[in-house]
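The values are calculated or read from the model by the stated rules, or taken from the named source; none is laboratory data. Note that this is a predicted model, so its numbers are computed, not measured. When we count neighbours, we look across all protein chains shown, and the Cβ atoms used for this are built from the backbone with ideal geometry, even at glycine. Areas reflect the complete protein model, heavy atoms only, side chains present, ligands, DNA and RNA absent. Shrake-Rupley method; radii C 1.70, N 1.55, O 1.52, S 1.80 Å.
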Amino acid sequence: MDEAGFKAFLKAGERVPKNLDAKTVSANIKVVKDFESYLKRKGRKLERAKGRDARAFMVEATDKGKGSFAAFLGLLRYARYTGNTDMEMGVLNALDGAKVMDDLCEVVRKKHGKKRYDEVLGGFRSPPIGTDPKKMPKATCEFISRLETGLGEDGAREVLLVGVHAGSPKYYTEDREMLLASKDVDEYMRKRRERTLKLLEGHMKNGTPFYNQMIDQDALDFVRSNPEVAGGVRRGKKIYQTKIPYMMIEYLKEKDPKLKRYYGCHCLLAREAILSGEEISRNLCYCSAGYEKMPYEVAFGKPVRTEVLKSILWGDEVCRFAMEIPEGYLPGKKARPRK
């Protein structure tokens, strides 16, 4: 591997977080070296690594207790450094949602205590990072079934709505600042849409992935012509938001209804069930609802009641949500959160 060049790339902080500490840089280099050794055993070279190679390595490392989400980020960063798009997308797809089940288990433990957790989820083991997506629906069905049986439907939804996949609230401070700087919630919503379009335009121009997908002109035009997709629209007391398709280029071209839904679904835990026909509880989609509401809860500084209106896993072509605007934030009323 090109260790010196990779170090310089990490230090530059352009397509990686800025100011990575020395320990993280060393860990990133180590996991790439481990991956290179793995490839040599398979008769392959690092510079020709594919996404499937990275996934297989991740499964093996995790099974041996030598892998972690944080460590595998080094593979993603090296793929970006070398411009290996196939490897980058493979690692991204493996990491996307990889911690969700573990994080949801932790939510149950914190909310209900160890004794209740053991009753509901004792002995459950999340699939290792890099697991073949085709194997995910079975584990997901067991997980959701345990939540519903142990906590009831409302209790299961309460856990899923925490929004663990959205990450830390600190990631959304820009939304709070945006609302504070807006005269009302409508101006805030306009700014959100403008931000989304500018972000997608930048990825299209630079030829870089937007999360797990590339952006072309058709994809950009699709988002631009759908305000709900571009950042949400207020109607009355609610904000309506349609989730951006997971693979827009493929989604927009696909004519087969089942494949179209497959390309639209974001859920690593269940999207393969669309093709296999496995039945997944409708409650799972409240995990996605939790993701969508997180920026609004940070912006408003209050809990935001969220409802799933449509879901690809339910048979719809899109996932659509409604977020209820807290009292005092509608146009003509106080729009700014209390400091």
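Taking the listed residues LYS260, LYS238, LYS255, LYS243, the one that is within 25 Å of GLU148 (Cβ to Cβ) and modelled with pLDDT of 95 or more is LYS243, with no other qualifying.
Restricting LEU259, LEU275, LEU269 to residues that are part of a loop (DSSP other than H, G, I, E, B) and either in contact with a Phe, Trp or Tyr (Cβ under 7 Å, 6 or more places away or on another chain) or over 29 Å from VAL185 (Cβ atoms) (or both) narrows the list to LEU269. Whether a residue is open to solvent by less than 30 Å² (accessible area, probe 1.4 Å) and outside any helix (DSSP H, G or I) was assessed, and GLY74 does not pass this test.
Per the listing PRO295, PRO257, the residue uniquely closer than 22 Å to ASN212 by Cα, surrounded by fewer than 18 Cβ atoms within 10 Å (Cβ to Cβ) and not hydroxyl-bearing (Ser, Thr, Tyr) is PRO257.
Candidates are the residues of segment 140-156 that are in contact (Cβ under 8 Å) with a residue 60 or more places away in the chain and surrounded by fewer than 20 Cβ atoms within 10 Å (Cβ to Cβ); the one that is nearest to ILE280 (Cα to Cα) is CYS141. Among the criteria (1) within 17 Å of the chain's Cα centre (by Cα); (2) acidic (Asp, Glu); (3) surrounded by fewer than 20 Cβ atoms within 10 Å (Cβ to Cβ), the one GLU88 does not fulfil is (3). Pairing each residue of segment 273-300 that is farther than 15 Å from LYS258 by Cα and of a type in the set (Phe, Trp, Tyr) with any residue that is buried (at least 18 other Cβ atoms within 10 Å of the Cβ) and modelled with pLDDT of 95 or more, provided the two are 6+ apart or on different chains, yields C-beta distances under 7 Å for TYR286/ARG157; TYR286/LEU160; TYR286/LEU161; TYR286/VAL308; TYR296/ILE239; TYR296/VAL304; TYR296/MET323.
The set of residues in segment 99-129 that are closer than 17 Å to VAL164 by Cα, touching a residue at least 60 places away in the same chain (Cβ under 8 Å) and open to solvent by 20 Å² or more (accessible area, probe 1.4 Å) comprises LYS99, ASP103, ILE129. Within segment 157-173, restricting attention to residues that are closer than 16 Å to ALA289 by Cβ and charged (D, E, K, R), the residue that is surrounded by the most Cβ atoms within 10 Å (Cβ to Cβ) is ARG157. Kindly indicate whether ILE244 is surrounded by fewer than 18 Cβ atoms within 10 Å (Cβ to Cβ), β-branched (Val, Ile, Thr), within 19 Å of the chain's Cα centre (by Cα) and closer than 19 Å to VAL318 by Cα. No; evaluated as a whole, the condition is false for this residue.
Scanning segment 1-10 for residues that are closer than 22 Å to PRO209 by Cβ, of a type outside the set (A, V, I, L, M) and either at pLDDT 90 or above or open to solvent by less than 40 Å² (accessible area, probe 1.4 Å) (or both) gives GLY5, PHE6, PHE9. Return the residues of segment 12-33 that are open to solvent by 60 Å² or more (accessible area, probe 1.4 Å) and either at pLDDT 90 or above or over 26 Å from the mean Cα position of the chain (by Cα) (or both); say none if nothing qualifies. Once the filter is applied, which keeps residues that are open to solvent by 60 Å² or more (accessible area, probe 1.4 Å) and either at pLDDT 90 or above or over 26 Å from the mean Cα position of the chain (by Cα) (or both), segment 12-33 yields ALA22, LYS23, SER26, LYS30, LYS33.
Being open to solvent by 20 Å² or more (accessible area, probe 1.4 Å) and within 23 Å of the chain's Cα centre (by Cα) holds for only one residue in ALA56, ALA94, and it is ALA56. Checking each residue in segment 194-223 for being touching a helix residue (DSSP H, G or I) at 6+ places or on another chain (Cβ under 6 Å), among the charged types (D, E, K, R) and assigned to a helix (DSSP H, G or I) picks out only ASP218.
For segment 37-50, the criterion of being under 23 Å from VAL100 (Cβ atoms) and surrounded by 15 or more Cβ atoms within 10 Å (Cβ to Cβ) is met by none of the residues.
Considering segment 298-321 alone, what residues qualify as being touching a Pro at 6+ places or on another chain (Cβ under 6 Å) and either assigned to a loop (DSSP other than H, G, I, E, B) or open to solvent by 50 Å² or more (accessible area, probe 1.4 Å) (or both)? Correct list: GLY301, LYS302.
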